[in-house]
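S.K.: Below: one structure in structure tokens.
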């Protein structure tokens with residue numbers, strides 16, 4: 001992220017403030033026009049280049065953070081972070097958080113009765129290399145109920161937060177999995193219109209798959225421009 005990224009609400013691929021089918025947006029959507037506040041030097045400069053000192057070492061293998069192996073299908077997710085011209089964006093922090101294989105988050109407010117996995121925290125962090133590439137190993141998350149409407153289930157997804165040269169240059173999004181039938185009936189996913197919604201769906205990749213260990217998926221993130229990855233609304237589950 002060589003410059004602050006501006007995500008205009010008018011962009012066709014961005015989620016709307018008000019999506020009546022996604023019930024919490026009815027209460028959360030602003031009722032007055034937005035006031036745009038230009039970024040100053042404080043917002044556009046920051047800690048890029050010293051992430052390890054500020055945040056600790058990378059945590060690229062979410063399956064190796066405890067004594068035992070977590071339950072579930074191991075997967076490898078890899079891809080590139082790109083700008084609007086397809087150029088790689090190095091030194092970008094990608095934070096990862098997700099539910100476990102049963103669809104349960106390790107969070108005090110997650111009260112669903114699916115089991116917790118003592119060997120899976122569901123959080124990691126990596127930094128893109130000089131070619132804008134990233135790679136992490138995790139467990140494929142499970143779907144879970146979320147109470148938006150009768151029999152509402154969230155598709156399997158992984159949350160990604162990207163930080164560039166300053167904390168204001170941030171993109172938060174979700175990565176879905178191909179051929180998941182829940183995507184088509186999920187109000188959160190459907191807040192992104194087609195065909196832009198497909199930019200949030202990863203691709204199975206046999207070359208990324210590790211024989212006898214983990215399936216592989218590709219997911220590129222485009223920070224801005226015509227091909228930009230849609231961002232996640234505040235409050236998305």
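The values are calculated or read from the model by the stated rules, or taken from the named source; none is laboratory data. In this text the structure is predicted, and so the values were computed from the model without any measurement. Neighbour counts run over all protein chains shown; Cβ positions are idealised from the backbone, glycine included.
S.K.: Here's a check for you: in segment 46-65, which residue that is at pLDDT 75 or above and part of a loop (DSSP other than H, G, I, E, B) is nearest to residue 78 (Cα to Cα)?
M.R.: Taking segment 46-65 first, the residues at pLDDT 75 or above are 58-65.
Cutting the leftovers down to part of a loop (DSSP other than H, G, I, E, B) gives us 58, 60, 62-65.
On the way: 58: 15, 60: 11, 62: 14, 63: 15, 64: 17, 65: 19 Å.
Among residues in segment 46-65 that are at pLDDT 75 or above and part of a loop (DSSP other than H, G, I, E, B), the one nearest to residue 78 (Cα to Cα) is 60.
S.K.: I've got another one for you. What number goes with the only condition from (1) modelled with pLDDT of 95 or more; (2) more than 21 Å from residue 96 (Cβ to Cβ) that residue 213 does not pass?
M.R.: Of (1) modelled with pLDDT of 95 or more; (2) more than 21 Å from residue 96 (Cβ to Cβ), only one is false for residue 213: (2).
S.K.: Further question on the same structure: Going through 181, 230 one at a time, which residue ends up being in a loop (DSSP other than H, G, I, E, B) and out of contact with any helix residue (DSSP H, G or I) (no Cβ under 8 Å at 6 or more places or on another chain)?
M.R.: Values: 230 fails: out of contact with any helix residue (DSSP H, G or I) (no Cβ under 8 Å at 6 or more places or on another chain).
Among 181, 230, only 181 is in a loop (DSSP other than H, G, I, E, B) and out of contact with any helix residue (DSSP H, G or I) (no Cβ under 8 Å at 6 or more places or on another chain).
S.K.: Can you name every residue in segment 152-178 that is in contact with a helix residue (DSSP H, G or I) (Cβ under 7 Å, 6 or more places away or on another chain), in contact (Cβ under 8 Å) with a residue 60 or more places away in the chain and under 15 Å from residue 228 (Cβ atoms)?
M.R.: Step one: of segment 152-178, the residues in contact with a helix residue (DSSP H, G or I) (Cβ under 7 Å, 6 or more places away or on another chain) are 155, 166, 168, 173-176.
Imposing the further condition that a residue be in contact (Cβ under 8 Å) with a residue 60 or more places away in the chain reduces the set to 166, 168, 174-175.
174, 175, listed by residue number.
S.K.: How about segment 184-214: which of its residues are in a loop (DSSP other than H, G, I, E, B) and buried (at least 19 other Cβ atoms within 10 Å of the Cβ)?
M.R.: Within segment 184-214, the first condition is being in a loop (DSSP other than H, G, I, E, B), and the residues that meet it are 186-188, 192-195, 202, 205-209, 211-213.
Of everything in segment 184-214, those that are in a loop (DSSP other than H, G, I, E, B) and buried (at least 19 other Cβ atoms within 10 Å of the Cβ) turn out to be 186, 188, 192, 202.
S.K.: Turning to a different aspect of this structure: Mind checking which residues of segment 62-98 are farther than 13 Å from residue 120 by Cα and out of contact with any strand residue (DSSP E or B) (no Cβ under 9 Å at 6 or more places or on another chain)?
M.R.: Listed by number, the residues that qualify are 85, 87.
S.K.: Next up: Taking segment 95-135 on its own, how many of its residues are under 15 Å from residue 157 (Cα atoms) and crowded, with 17+ Cβ neighbours inside 10 Å?
M.R.: Going through segment 95-135 one residue at a time, the tally reaches 13.
S.K.: Still on this structure, please answer the following. Kindly evaluate residue 68 against the criterion of being surrounded by fewer than 17 Cβ atoms within 10 Å (Cβ to Cβ) and at positive phi. Reasoning before the result, please.
M.R.: Numbers: surrounded by fewer than 17 Cβ atoms within 10 Å (Cβ to Cβ): yes; at positive phi: no.
No, not satisfied.
S.K.: Moving to a separate point now. Kindly provide the set of residues from segment 102-151 that are touching a strand residue (DSSP E or B) at 6+ places or on another chain (Cβ under 9 Å) and without any contact (Cβ under 8 Å) to a residue 12 or more places away in the chain, ordered by number.
M.R.: Listed by number, the residues that qualify are 110, 151.
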